[in-house]
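Chemist: First the structure, then my questions, so here it is.
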Amino acid sequence: MLSVHQLSVRFTSYETGLKKKETLVTSDLELAVEKGQVVAVAGSSGSGKSLLAHAILGILPGNARVSGEIMFKGTPVTPKRQIKIRGKEMALIPQSIGCLDPLMRIGKQITRAGILSGIEKNKVRVTNILRRYGLPDHTANMFPFQLSGGMARRVLLATATVGKADLIIADEPIHGLHEEVASDILSHLRELADQGKAILLITHDLSRSLLIADKVVVFYAGTTVEEASATAFSGEGKNLHHPYSRALWQALPQNGFFPVSGTQPVLDHLPEGCVFAPRCDKTKFICKIKRPPVMPTDGGFVRCFHA
Amino acid sequence: MKTVIVTYKTILRNKRLTTILSIILCILVFAGLSIAGFTISEKGLRTDLEERNLSPDACHIFGTDWLGRDMLTRIVKGLNLSLKIGLIAAGISTMIAVMLGLCSALFGGMVDFVIIWMIDLFMSLPHLVFLVLISFAAGGGAKGVVIGVAVTHWPALARVIRAEVLQLMNTEYIQIASKLGQSNTGIMTHHLLPHIVPQFLVGMILLFPHAILHEAGLSFIGMGLSPHTPAIGIILSESMRHLSTGYWWLAVIPGACLLFMVKLFDILGENIRDWVNPKILRG
Amino acid sequence: MIRQLLVKKVTHLASIVLSISVISFMLVSVSPIDPVRAYIGADMLAISRAQKEKIEERWGINEPMHVRYVKWFTELLHGNLGHSFIFNQKVTKVISTRFATSLWLMAAAWVISGMLGFVMGIVSGVMHGTFVDKLIRFYAYMLASTPTFWMGMLLLICFSMWLGWTPICCATPPGILLENVTFGQRIYHLILPAATLSIIGIANITLHTRQKLIDVLQSDFILFAISQGETIWGATRHHGIRNIILPAITIQFASFSELFGGSLLAETVFAYPGLGQATVLAGLKSDVPLLLGIVLFSVFFVFTGNTIADLIYTLVDPRIKAGAPK
Ligand SMILES: Nc1ncnc2c1ncn2[C@@H]1O[C@H](COP(=O)(O)OP(=O)(O)OP(=O)(O)O)[C@@H](O)[C@H]1O
Ligand code: SF4
Ligand SMILES: [Mg+2]
């Protein structure tokens with residue numbers, strides 16, 4: 001359905017002193033989602049997950065430059081095509097609940113999303129979709145400020161699924177939610193995948209996303225370090241190939257809570273070699289001078305010399 | 001990469017250059033206008049019935065009016081008068097604004113309350129109505145216009161200055177200075193004045209257009225300068241009576257010159273503001 | 001909450017009216033203009049000293065100021081603003097008929113400037129940075145510096161003198177009784193003065209709308225709308241306008257002061273017999289009771305606009321409305 005190859009995003013900005021500056025915020029992203037799959041993109045805050053979503057949809061700010069290749073349904077995605085397919089064939093569940101128009105009633109916002117996705121105005125079934133996500137009918141008459149956090153997330157889910165989009169990119173759809181509400185929303189996403197949609201689940205909550213994901217793509221400092229099947233995240237993580245993936249797995253409370261020492265490097269001061277080298281306990285000389293290439297593994301790929 | 005930086009710096013320097021150039025240009029125009037006002041011969045103001053209602057030509061580039069007076073002379077004199085009145089009125093207004101704004105912010109309490117109330121009061125009456133009232137109180141004429149324009153233009157600027165000073169007072173370095181025992185006057189002269197002086201300058205220049213336009217408006221409706229003065233408002237009000245005759249230049253040119261001067265002040269004010277860069281609103 | 005607000009507003013209004021009445025009374029009292037001389041005009045030489053003194057006594061001119069003020073204010077509280085000698089009518093009557101005429105003009109100008117400014121602001125905001133934006137901004141800045149009355153004269157020269165499309169003056173055709181004037185004739189006489197008066201407001205609303213829209217277009221919900229397949233114009237139409245219309249309306253209501261002031265100039269140019277022209281006449285001919293009456297009325301007019309501007313959020317914005325106790 002969707003595959004991303006060597007995707008990089010850079011920003012040009014003017015520093016104080018008005019020097020022009022380029023920041024490479026994501027580099028060489030690799031990713032693939034198939035029909036019926038939930039692929040989780042896991043990584044810590046600021047690793048470039050939202051930028052990936054925005055790059056796929058073509059809604060990055062004007063000072064961003066994208067390079068690399070995005071394929072959707074077998075054809076390359078160009079800016080022109082993005083305008084045509086966003087909202088219709090691919091839909092976003094945005095990260096912030098501030099993405100709802102503060103002065104428009106919920107029902108109208110869902111209807112508008114439906115119309116934009118290509119449904120005729122009087123065929124948009126707002127009540128149906130509200131009910132599907134467990135929202136009371138009168139939600140349609142409410143304004144965003146009247147919604148609870150959980151309701152707002154469900155409304156965002158509704159706007160993305162009122163149409164017939166085949167790919168749904170969910171950016172932190174369960175962020176800040178209680179266990180109960182979160183697992184409810186996750187199960188809806190799983191259900192959508194089972195109905196034949198492709199779901200890209202962006203999250204920094206690895207353990208929850210493992211509940212529904214088929215595959216996990218691990219992000220670190222603006223690049224993908226590993227793609228593994230969800231089943232690889234088990235036991236002590238022996239089936240994981242990248243040291244960071246393993247560290248991430250072991251940092252979870254149920255696995256002993258072993259934190260990774262050190263912090264993610266600042267994006268404009270990335271190390272020359274492997275981005276994880278400063279924190280890796282297996283670093284060799286070559287790691288410091290050369291970026292590790294993508295190497296296939298049994299469940300996906302890895303970007304490490306010593307996998 | 002290097003070339004990019006260089007071009008950007010060049011643009012930056014050019015921006016500063018254009019700012020300074022436009023400031024100089026504006027000042028030159030005003031200087032030229034004043035000099036012209038002094039040197040231009042009074043002859044053009046004299047009635048010359050042989051040269052009546054001439055449309056613009058080489059001899060009278062702005063034409064002549066129904067009494068044969070040269071329009072260029074009248075306009076130059078008129079603009080000079082506007083300049084003078086604007087200068088006095090904007091100067092006084094700015095002074096009032098700075099004083100009240102400062103007092104309001106520095107003393108607070110009752111003083112602040114009274115000043116805010118005054119600002120409120122001044123803004124509760126349409127500007128022009130207030131001007132008519134004051135002009136009436138002063139018995140009309142130049143005195144009425146100057147007083148009127150001077151005492152009604154301060155509220156907006158006073159508000160800006162009050163807010164600015166309050167914000168400054170809350171900044172850390174002034175708080176620290178006062179904790180360190182620096183006297184109030186010391187804080188005034190060392191920390192507040194350097195911020196207020198550019199405000200004063202820019203505020204005054206930006207008040208100019210308002211003052212000039214209100215003077216012209218007041219003269220136009222007949223409540224301002226006396227009918228014998230060569231003022232733009234008077235010229236336009238007289239030409240109202242000759243509109244139907246087709247002597248378009250009597251109305252079009254003086255107004256265009258007024259607009260030109262007002263715009264020039266706007267440009268001057270904004271460029272100086274960009275240059276000294278205080279955050280100031282239009283008065 | 002709304003009641004509290006209203007009580008506060010009314011107290012505020014009372015304090016303003018009281019202070020303005022004192023100030024304006026003092027101002028007209030210090031005027032060196034002799035009201036009797038102004039009233040009699042050129043016939044001044046024809047009347048005797050005794051006659052003059054008689055008039056002065058009838059008008060109470062030689063009493064101390066505070067005595068006259070108290071008298072005047074007491075009458076004011078009874079709804080009597082005195083007698084206007086230039087119209088030979090009660091001041092209240094002059095103001096009400098004249099305001100009725102001005103209302104047409106001001107309302108038309110208010111609506112035109114509001115709509116035109118709003119539309120230009122939107123176009124400019126959506127296209128910001130482009131040539132169109134620069135053009136609109138240049139236009140707005142130019143208008144902001146243009147003398148109102150001169151603009152009126154230009155329009156008059158162009159449309160009435162040269163093209164002959166519009167009338168030269170007045171609110172109604174000359175020689176026709178007021179009750180026989182048709183709606184069409186009124187509109188016909190309104191076009192130029194209204195266009196002139198609206199010019200004052202356009203710049204303000206255009207620039208304000210433009211900035212507000214640029215800010216709103218940066219927000220998350222617009223980005224989300226774009227991700228749903230909305231174009232920039234579509235996003236503006238469905239989400240942008242909704243989020244900037246209230247501040248624009250507020251600005252427009254807060255501009256009553258400029259509207260009233262501008263009517264003095266516009267009505268003078270077009271000899272439009274409204275309240276603005278009456279203000280000018282009262283000032284020129286020293287009709288003190290009328291001038292004072294109009295001053296108070298204009299305070300009330302400006303206050304109304306500002307109050308509506310203040311209340312509009314409370315009444316219309318769902319976020320504030322819902323927060324208010326029933
Ligand atoms: N417009 C921009 N200009 C420059 N840098 C940007 C811009 N937008 C984002 N970035 C940078 O890109 C990096 C990645 O941002 P992104 O929003 O994708 O992170 P994220 O992985 O989604 O984090 P989170 O989990 O907090 O949402 C951040 O370091 C951010 O500072
Ligand atoms: S490439 Fe080297 S530094 Fe990077 S993760 Fe693998 S072992 Fe560690
Ligand atoms: Mg994010």
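Chemist: Considering A:207, A:229, which residue is more than 30 Å from residue A:273 (Cβ to Cβ), away from ligand 3 (no atom under 16 Å from the Cβ) and either of a type in the set (Ser, Thr, Tyr) or free of Cβ contacts under 8 Å to residues at least 12 places away in the same chain (or both)?
Modeler: A:207
Chemist: I'm trying to understand the selection: among the residues of the stretch A:257-307, which are open to solvent by 60 Å² or more (accessible area, probe 1.4 Å) and within 16 Å of ligand 1 (Cβ to nearest atom)?
Modeler: A:263, A:266, A:268, A:269
Chemist: For the stretch A:108-139, enumerate the residues that are closer than 29 Å to residue A:52 by Cβ and within 10 Å of another protein chain (Cβ to nearest Cβ).
Modeler: A:109, A:112, A:113, A:114, A:115, A:116, A:117, A:118
Chemist: For the stretch A:44-62, give me each residue that is in a helix (DSSP H, G or I) and within 9 Å of ligand 1 (Cβ to nearest atom). I'd like the intermediate steps shown before the answer.
Modeler: So the first thing to find is which residues in the stretch A:44-62 are in a helix (DSSP H, G or I), and the list is A:49-57.
A:49, A:50, A:51, A:52, A:53, A:54, listed by residue number.
Rundown of residues vs (1) free of Cβ contacts under 8 Å to residues at least 12 places away in the same chain; (2) within 13 Å of chain B (Cβ to nearest Cβ); (3) within 21 Å of residue B:255 (Cβ to Cβ), yes/no style:
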{"position": "C:144", "(1), (2), (3)": "no, yes, yes"}
{"position": "C:162", "(1), (2), (3)": "yes, yes, yes"}
{"position": "C:169", "(1), (2), (3)": "no, yes, yes"}
{"position": "C:173", "(1), (2), (3)": "no, no, no"}
{"position": "C:194", "(1), (2), (3)": "no, no, yes"}
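Chemist: Which of the numbered conditions does residue C:205 fail, given that it passes all the others? Conditions: (1) in contact with a Gly (Cβ under 9 Å, 6 or more places away or on another chain); (2) over 24 Å from residue C:261 (Cβ atoms).
Modeler: Going through (1) in contact with a Gly (Cβ under 9 Å, 6 or more places away or on another chain); (2) over 24 Å from residue C:261 (Cβ atoms) one by one, residue C:205 breaks only (2).
Chemist: Would you check which residues across the stretch A:172-189 are outside any helix (DSSP H, G or I) and more than 16 Å from ligand 1 (Cβ to nearest atom) and list them?
Modeler: Listed by number, the list holds a single entry, A:178.
Chemist: Sticking with this structure for a sec: If a residue must be open to solvent by less than 30 Å² (accessible area, probe 1.4 Å) and more than 8 Å from chain A (Cβ to nearest Cβ), how many such residues does the stretch C:218-233 contain?
Modeler: Within the stretch C:218-233, residues that are open to solvent by less than 30 Å² (accessible area, probe 1.4 Å) and more than 8 Å from chain A (Cβ to nearest Cβ) number 1.
Chemist: Among A:252, A:270, A:240, which is under 21 Å from residue A:205 (Cβ atoms), away from ligand 3 (no atom under 16 Å from the Cβ) and either touching a strand residue (DSSP E or B) at 6+ places or on another chain (Cβ under 9 Å) or within 14 Å of another protein chain (Cβ to nearest Cβ) (or both)?
Modeler: Of A:252, A:270, A:240, the one residue that is under 21 Å from residue A:205 (Cβ atoms), away from ligand 3 (no atom under 16 Å from the Cβ) and either touching a strand residue (DSSP E or B) at 6+ places or on another chain (Cβ under 9 Å) or within 14 Å of another protein chain (Cβ to nearest Cβ) (or both) is A:240.
Chemist: Could you please give the count of residues in the stretch B:88-124 that are surrounded by fewer than 16 Cβ atoms within 10 Å (Cβ to Cβ) and assigned to a loop (DSSP other than H, G, I, E, B)?
Modeler: Of the residues in the stretch B:88-124, 1 are surrounded by fewer than 16 Cβ atoms within 10 Å (Cβ to Cβ) and assigned to a loop (DSSP other than H, G, I, E, B).
Chemist: Here is a further query. Among the residues of the stretch B:230-247, count how many are of a type in the set (D, E, K, R) and either in a helix (DSSP H, G or I) or open to solvent by less than 10 Å² (accessible area, probe 1.4 Å) (or both).
Modeler: Result for the stretch B:230-247: 1.
Chemist: Among the residues of the stretch B:125-141, are any in contact (Cβ under 8 Å) with a residue 12 or more places away in the chain, within 14 Å of another protein chain (Cβ to nearest Cβ) and assigned to a loop (DSSP other than H, G, I, E, B)?
Modeler: Checked against the condition, which is being in contact (Cβ under 8 Å) with a residue 12 or more places away in the chain, within 14 Å of another protein chain (Cβ to nearest Cβ) and assigned to a loop (DSSP other than H, G, I, E, B), the stretch B:125-141 yields at least one hit.
Chemist: Now for a different question. Quick check on my filter: what residues within the stretch C:1-30 are in contact (Cβ under 8 Å) with a residue 60 or more places away in the chain, open to solvent by less than 40 Å² (accessible area, probe 1.4 Å) and over 17 Å from residue C:305 (Cα atoms)?
Modeler: C:20, C:21, C:24, C:25, C:28
Chemist: Hey, could you check the stretch A:92-107 for residues that are part of a helix (DSSP H, G or I) and in contact (Cβ under 8 Å) with a residue 24 or more places away in the chain and say which is nearest to the other protein chains (Cβ to nearest Cβ)?
Modeler: A:99
Chemist: What's the total number of residues in the stretch A:43-56 that are away from ligand 2 (no atom under 16 Å from the Cβ) and among the small types (Gly, Ala, Ser)?
Modeler: Going through the stretch A:43-56 one residue at a time, the tally reaches 6.
Chemist: When you go through A:32, A:53 one by one, which is the residue that is of a type in the set (Gly, Ala, Ser) and either within 16 Å of ligand 3 (Cβ to nearest atom) or within 30 Å of residue A:128 (Cβ to Cβ) (or both)?
Modeler: Working: A:32 fails: either within 16 Å of ligand 3 (Cβ to nearest atom) or within 30 Å of residue A:128 (Cβ to Cβ) (or both).
Being of a type in the set (Gly, Ala, Ser) and either within 16 Å of ligand 3 (Cβ to nearest atom) or within 30 Å of residue A:128 (Cβ to Cβ) (or both) holds for just one of A:32, A:53, which is A:53.
Chemist: Six or more apart or on different chains, Cβ atoms under 9 Å: show the pairs whose first residue is in the stretch B:241-258 and facing chain C (nearest Cβ under 8 Å) and whose second is among the small types (Gly, Ala, Ser) and not in a helix (DSSP H, G or I).
Modeler: B:248/B:55
The values are calculated or read from the model by the stated rules, or taken from the named source; none is laboratory data. Treat the numbers as computed from the prediction; the structure is a model and nothing was measured. With ideal geometry, Cβ positions are generated from the backbone for all residues, glycine too; neighbour counts draw on all protein chains shown. Quick note on the areas: whole protein, heavy atoms, side chains included, nothing else; ligands and nucleic acids left out. Shrake-Rupley method; radii C 1.70, N 1.55, O 1.52, S 1.80 Å.
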